[in-house]
Amino acid sequence: MFKTMGTAALLCSTATLATAQMQCEGLTPEALGLSGVTFTEVAAVPAGDDSPAAQCRIRATTAERTGADGRNYALRFELALPDVWNGDYVHQFNGGNDGEVKPATGGMGAGTGEQTPLARGFAVVSSDAGHDGKAVTDAGLAGGARFGFDFEARQMYGYKAVALLDPLARQIVEAFYDNEIGHSYGVGCSNGGRHALVAASRMPQAFDGLLAGAPGYNLPKAALQHAVDVQALTAVTGDLATAFSPDDLQTVANGILQACDALDGIEDGLVMDTAACQASFDSAALQCTDGQNSACLSPKQVTALNTIHAGTADGGTPFYSDFPWDPGIAGGGWRFWKLESPIPPWEKKPIIAVMGAASLAQIFTTPPTEVAGDPAALEQFLKDFDLTARADEIYATSDAFPESAMEVMTPPGSDNPELAEFRDAGGKMIVFHGVSDPVFSVNDTADWYSKLDANNGGNAGEFAKFYPVPGMTHCSGGLAVEGFDMFAELVAWVENGTEPQAVTATARASNRDLPETMAGISRPLCPAPQVARYTGSDPASADSFTCE
């Protein structure tokens, strides 16, 4: 673990900042003692629309090579060195299939609040995880996942890129400021949350604090769920977009609220007690009765939802995980992932039918299957995917792929986690996950944390906290109060020893899934297994709720 800078060192670092930007544009890898690195851009960037803080921005490449598939690969990254540095460092883990260098700010959906780590003075690094998602121009919408035909590119995406880039980024930071890093953090949501859990297992001494949102740590299994979803939803009307109208999903949400809203002590349009809700809600109540033709669902629709939430159509073990019933299903995020998108080049297909299909075919199964890159062909791949016959391909290996997709993507030991090395090194971790996440199940994360807690004698909370976020979909949004700053909680825990308890979340104006009547309300997010219960007077205030 990296130690706190002394006061003298911090003052020294601050004193040199007056000349830091003068030195920025003349920086070279050679001047910093680097080899095998090419700076493609070095620029002094003022605070403004392009950056939340004045910084020296370095864009660079390393690890250039020709892959087994004959394509050129490199690890591209961006490093933000703020003019006013607080002495600390953030590795920004990105989401999706990576393949793009997102701006190095440290922001991540709902979890970092209104101010990014860069704006707070942290040096931040971001990368494409070793492949360019736009490099393959002849594969249409499947091009972003075509790197899965190269085993080393799979490894870089899974775990090697972070391990390779992290010490390099630290070296540049310390050389630029002529000072050691004080505290180091890793933050990310979705695939970025997976990166955080992988870092805790594979690099247990590298980070003082890790913030993992919606961690898709079982990503290949979650890709199988895409086939479950598409096949179940197609059976309703033959078309994903028309399987459920927005009104249909609102009917589902209303049914869940009717059964569960009062379980936390107040009927406020939010379900805070997820576990009790699963016992109270019966999806059969959604089905139309004789003579009823509105505000209800057809038998095919109920069957589809039951299959999706169970993770399997035959009542057996889920291919991935089951999903909880939650009113956030009526949010735009659930529809965007599973039913339809507003993206014309995708022919308005949902994310799972485009990116999800390409990823299952080319990254998460061995051997990879080349798929055509038009939306209809990608959706058809999931419709035709034989789950019974092919699910084990996520565990398969070959001479060309000596590690399976599960070995490459999942944190070692995640099926029975202890994280002893991370714990013993003094590391701290906060995990948060939307209860209505349509792609990575909060139940899977809850199961992981339950095992972690058991393997630490019921004391996992001394170094790792898990916060389910009721109603929230994937990383943000949903019928949820999802404006919260888990990053500040993590920093306070690491640097001041302030253990997080209830974390106040507020209704964000940018959340279009929330009704206007919820504007400005706040709620506590409780560390599992606690649940927020209404105990006060003002229903709009988090102070009226207690974590129990």
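Residue count for segment 473-494, restricted to those that are surrounded by fewer than 24 Cβ atoms within 10 Å (Cβ to Cβ) and in a loop (DSSP other than H, G, I, E, B): 1. Could you please let me know if residue 201 is among the hydroxyl-bearing types (Ser, Thr, Tyr), over 30 Å from residue 373 (Cβ atoms) and either modelled with pLDDT of 95 or more or surrounded by fewer than 24 Cβ atoms within 10 Å (Cβ to Cβ) (or both)? Criteria met by residue 201. The residue that is surrounded by the fewest Cβ atoms within 10 Å (Cβ to Cβ), counting only those in segment 204-240 that are more than 20 Å from residue 427 (Cβ to Cβ) and among the acidic types (Asp, Glu), is 239.
Residues in segment 39-94 that are among the β-branched types (Val, Ile, Thr) and touching a residue at least 12 places away in the same chain (Cβ under 8 Å) were compared, and the one that is surrounded by the most Cβ atoms within 10 Å (Cβ to Cβ) is 90. Residues that are in contact with a helix residue (DSSP H, G or I) (Cβ under 9 Å, 6 or more places away or on another chain) and over 20 Å from residue 490 (Cα atoms) number at least 1 in the following helices (runs of 4 or more DSSP H) confined to segment 377-472: 387-390, 405-409, 442-455. Would you check if residue 107 is without any contact (Cβ under 8 Å) to a residue 40 or more places away in the chain and in contact with a Ser or Thr (Cβ under 9 Å, 6 or more places away or on another chain)? The answer is yes for residue 107. Report the residue count in segment 349-373 for those that are under 21 Å from residue 233 (Cβ atoms) and outside any helix (DSSP H, G or I). Looking only at that region, the number is 4. Filtering segment 220-277 to residues that are among the charged types (D, E, K, R), in a helix (DSSP H, G or I), closer than 30 Å to residue 522 by Cα and out of contact with any Leu (no Cβ under 9 Å at 6 or more places or on another chain) leaves only 247.
Working carefully through the options 216, 182, 186, 144, find the one that is small (Gly, Ala, Ser), in a helix (DSSP H, G or I) and modelled with pLDDT of 95 or more. Being small (Gly, Ala, Ser), in a helix (DSSP H, G or I) and modelled with pLDDT of 95 or more holds for just one of 216, 182, 186, 144, which is 144. Of the residues examined, residue 432 is not one that is over 18 Å from residue 311 (Cβ atoms) and in the same structural domain as residue 352 (by TED's automatic domain parsing).
Only one of the listed residues (284, 304, 295) is in a helix (DSSP H, G or I), out of contact with any Lys or Arg (no Cβ under 9 Å at 6 or more places or on another chain) and exposed (fewer than 15 other Cβ atoms within 10 Å of the Cβ). That residue is 284.
The values are calculated or read from the model by the stated rules, or taken from the named source; none is laboratory data. Being a predicted model, the structure only gives us computed values, none of them experimental. No Cβ is skipped: glycine too gets one built from the backbone with ideal geometry, and neighbour counts run over all protein chains shown.
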